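Here's the structure, in structure tokens; my notes come after.
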Amino acid sequence: MRRGGVVGEASPSYLFHPLAPERVARVLPDARLIGLLRNPVERAFSHYQHEVALGREQLTFEDALEREDERMAGELERMLRDPTYFSHAWWNYTYAARGRYAEQLERWFAAFPRERLLVLLTDELAADTAGTYRRALDFLDVDERGLDSYPRIFEREYGEMDPGTRARLEHEFAEPNRRLADLLGRELPW
């Protein structure tokens, strides 16, 4: 092993949480971080389906997207004012907001040097699982291990997104995705 005592932890909410970068930097200033990003349109629909399956979402996907800002009104401000506050609306109903990755990564880049954060795409992990996993292990400076297939957690079967909704979301994410591509200095497959 190249490095001893390596410990890992994962949560999709760390990237999005407004206070996470400064908290992690305070506790683990030398941490090596990996951000795994998914096509934001697919991510939003999957998140919605997850909430429906758990019984926490009764609205249609289109209505949930339409009401996202209304549901989140004041929540971010309250989270920033009271670091102990847990926002159920922020946790459950941020379908589109979580896909605006550039603004999230900018918070992390402000708290950590860029060389401490490796950004990968789920498309890369699916297309070249072994190679992408090897990149992650090399970044972490740990011994290689094999990973033959991309492990999916909470995978569910659900219907297709309405084509009009997909087109609308692709349009809405076009500028945030351009901003992300510029921030990362690379083309995105979305």
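The values are calculated or read from the model by the stated rules, or taken from the named source; none is laboratory data. Worth saying up front: this structure is predicted, and the values here are computed from it rather than measured. Reconstructed Cβ throughout: ideal geometry from the backbone, glycine too, with neighbour counts over all protein chains shown.
Considering (1) surrounded by 11 or more Cβ atoms within 10 Å (Cβ to Cβ); (2) under 17 Å from the mean Cα position of the chain (by Cα), the lone condition that ASP162 does not fulfil carries the number (2). Residue check: GLY159 meets all listed conditions (1) without any contact (Cβ under 8 Å) to a residue 60 or more places away in the chain; (2) within 29 Å of GLU115 (Cβ to Cβ) but one, namely (2).
Just to be sure, is ALA10 in contact with a helix residue (DSSP H, G or I) (Cβ under 7 Å, 6 or more places away or on another chain) and small (Gly, Ala, Ser)?
Working: in contact with a helix residue (DSSP H, G or I) (Cβ under 7 Å, 6 or more places away or on another chain): no; small (Gly, Ala, Ser): yes.
Answer is no for this residue.
Okay, residues lined up against (1) among the hydrophobic types (A, V, I, L, M, F, W, C); (2) not in a helix (DSSP H, G or I):
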residue: ALA89; (1), (2): yes, no
residue: GLU103; (1), (2): no, no
residue: ASP123; (1), (2): no, no
residue: GLY131; (1), (2): no, no
residue: ARG135; (1), (2): no, no
residue: ARG145; (1), (2): no, yes
residue: PRO151; (1), (2): no, yes
residue: GLY159; (1), (2): no, yes
residue: PRO176; (1), (2): no, no
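Does PHE86 count as under 19 Å from HIS17 (Cα atoms), loosely packed, with under 14 Cβ neighbours inside 10 Å and of a type in the set (A, V, I, L, M, F, W, C)? Yes; evaluated as a whole, the condition is true for this residue. Candidates are the residues of segment 89-131 that are within 17 Å of the chain's Cα centre (by Cα) and among the polar types (S, T, N, Q); the one that is nearest to PHE16 (Cα to Cα) is GLN104.
Note on segment 105-121: among residues that are part of a helix (DSSP H, G or I) and not aromatic (Phe, Trp, Tyr), the one that is surrounded by the most Cβ atoms within 10 Å (Cβ to Cβ) is LEU105.
Looking only at helices (runs of 4 or more DSSP H) that fall completely inside segment 30-87, which ones have 1 or more residues that are under 27 Å from PHE112 (Cβ atoms) and out of contact with any helix residue (DSSP H, G or I) (no Cβ under 9 Å at 6 or more places or on another chain)?
Details: elements: 40-53, 61-72, 75-81.
Output list reads 75-81.
LEU37 satisfies every condition listed in (1) over 29 Å from TYR158 (Cα atoms); (2) surrounded by 17 or more Cβ atoms within 10 Å (Cβ to Cβ) except (1). Would you mind stating whether VAL6 is outside any loop (DSSP other than H, G, I, E, B) and either over 10 Å from the mean Cα position of the chain (by Cα) or at pLDDT 95 or above (or both)? In short, no. Scanning segment 114-134 for residues that are modelled with pLDDT of 95 or more and closer than 20 Å to VAL7 by Cα yields GLU115, ARG116, LEU117, LEU118, VAL119, LEU120. Set side by side, the residues TYR93, TYR101 differ, and just one is within 17 Å of PRO176 (Cβ to Cβ) and touching a residue at least 40 places away in the same chain (Cβ under 8 Å), which is TYR101.
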